[in-house]
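Q: There's a structure below that I have some questions on.
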């Protein structure tokens with residue numbers, strides 16, 4: 001799987017930084033350097049073009065769309081580029097395809113030593129000893145392919161686990177494929193009984209452009225739910241099932257953006273994401289670097305504590 005080198009019209013995101021705070025979104029965010037592209041994306045997917053306030057520099061414009069699913073065109077399996085990468089204090093320290101090194105040149109093609117099972121790779125990455133997925137999906141918006149090529153990057157292990165299925169489906173079509181690129185809402189209950197919601201990226205191959213419309217047909221009017229049956233006398237009514245509520249995007253945890261900028265200068269990282277990854281995955285010897293890492297780790301501990309406190313306040317049955 002190779003990555004396209006053509007100039008891209010823009011990038012799709014699942015989140016942004018708002019006043020230095022990480023914010024998960026319920027609909028796609030698109031960034032671009034082209035004002036005309038931003039205006040056209042807004043016309044297609046909803047939202048308004050605006051200066052990019054998503055943090056960390058980057059393209060000049062952003063559109064916070066109203067769409068959690070977008071119909072796109074992927075031009076065969078080469079539209080998906082994937083590798084495994086471990087970031088260090090000065091950049092990439094391990095890059096492979098899961099079996100062989102991709103860099104540096106003197107190691108390229110040699111066995112990388114990663115475990116064969118995805119679960120073992122995930123455990124190694126969690127312990128800071130192994131790389132994480134880096135998946136780059138290149139596509140066109142199906143309703144306006146002439147607008148140019150967009151891309152979406154993710155480090156999701158769930159996407160990595162489904163890559164072979166995705167590329168096989170693209171290979172079978174032998175040409176451009178119409179797909180749905182969606183942010184699927186996942187709701188689950190933890191072992192402690194807490195309801196947790198998050199969104200995972202999902203790519204679903206639908207078929208060829210000749211057989212699939214560039215836009216989904218309007219949803220049919222939902223049928224009214226049947227009235228609940230009247231319980232018999234003396235019987236206890238069955239409680240209605242509950243669905244975990246989606247996370248409140250207004251509950252944001254503040255991250256010190258200035259601290260991240262200073263740390264990026266010391267760690268030689270390119271953006272906030274790389275800085276955090278480097279801070280959490282690499283032990284650095286130099287005292288100045290160690291001080292910056294200690295501050296970043298303290299930020300992460302504070303985020304964890306605030307999140308835990310927020311969850312407890314929303315769950316009156318949780319233990320103190």
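The values are calculated or read from the model by the stated rules, or taken from the named source; none is laboratory data. Just so we're clear, the structure is a prediction, and the values are computed from it rather than from any experiment. No Cβ is skipped: glycine too gets one built from the backbone with ideal geometry, and neighbour counts run over all protein chains shown.
Q: Considering only residues that are assigned to a loop (DSSP other than H, G, I, E, B) and crowded, with 20+ Cβ neighbours inside 10 Å, look in the range 55-82 and name the one that is modelled with the highest pLDDT.
A: The qualifying residue modelled with the highest pLDDT is 65.
Q: May I ask you to list the residues in the range 83-98 that are assigned to a loop (DSSP other than H, G, I, E, B) and touching a strand residue (DSSP E or B) at 6+ places or on another chain (Cβ under 7 Å)?
A: 97, 98
Q: For the range 113-148, give me each residue that is more than 16 Å from residue 101 (Cα to Cα), out of contact with any helix residue (DSSP H, G or I) (no Cβ under 9 Å at 6 or more places or on another chain) and part of a loop (DSSP other than H, G, I, E, B).
A: 117, 127, 142
Q: For residue 51, indicate whether it is at pLDDT below 95 and in contact with a helix residue (DSSP H, G or I) (Cβ under 9 Å, 6 or more places away or on another chain).
A: Working: at pLDDT below 95: yes; in contact with a helix residue (DSSP H, G or I) (Cβ under 9 Å, 6 or more places away or on another chain): no.
No; evaluated as a whole, the condition is false for this residue.
Q: Another one. Against the condition loosely packed, with under 15 Cβ neighbours inside 10 Å and touching a residue at least 40 places away in the same chain (Cβ under 8 Å), how does residue 161 come out, does it pass?
A: For residue 161, the condition - loosely packed, with under 15 Cβ neighbours inside 10 Å and touching a residue at least 40 places away in the same chain (Cβ under 8 Å) - is met.
Q: OK, next. Cβ-Cβ distance below 7 Å, separation of 6 or more or different chains: which pairs start in the range 99-122 with a residue that is on the phi > 0 side of the Ramachandran plot and end on one that is surrounded by 10 or more Cβ atoms within 10 Å (Cβ to Cβ) and outside any loop (DSSP other than H, G, I, E, B)?
A: These pairs meet every condition: 109/100; 109/101.
Q: Whether any residue in the range 190-203 is touching a helix residue (DSSP H, G or I) at 6+ places or on another chain (Cβ under 9 Å) and not in a strand (DSSP E or B) is what I want to check.
A: yes
Q: Take the conditions part of a strand (DSSP E or B) and farther than 26 Å from residue 132 by Cα and apply them to residue 23. Does it pass?
A: no
Q: I would also like to ask the following. Restricting to the range 204-213, and then to whatever is at negative phi and in contact with a helix residue (DSSP H, G or I) (Cβ under 8 Å, 6 or more places away or on another chain), can you tell me which residue is surrounded by the fewest Cβ atoms within 10 Å (Cβ to Cβ)?
A: Filtering the range 204-213 for residues that are at negative phi and in contact with a helix residue (DSSP H, G or I) (Cβ under 8 Å, 6 or more places away or on another chain), the one surrounded by the fewest Cβ atoms within 10 Å (Cβ to Cβ) comes out as 208.
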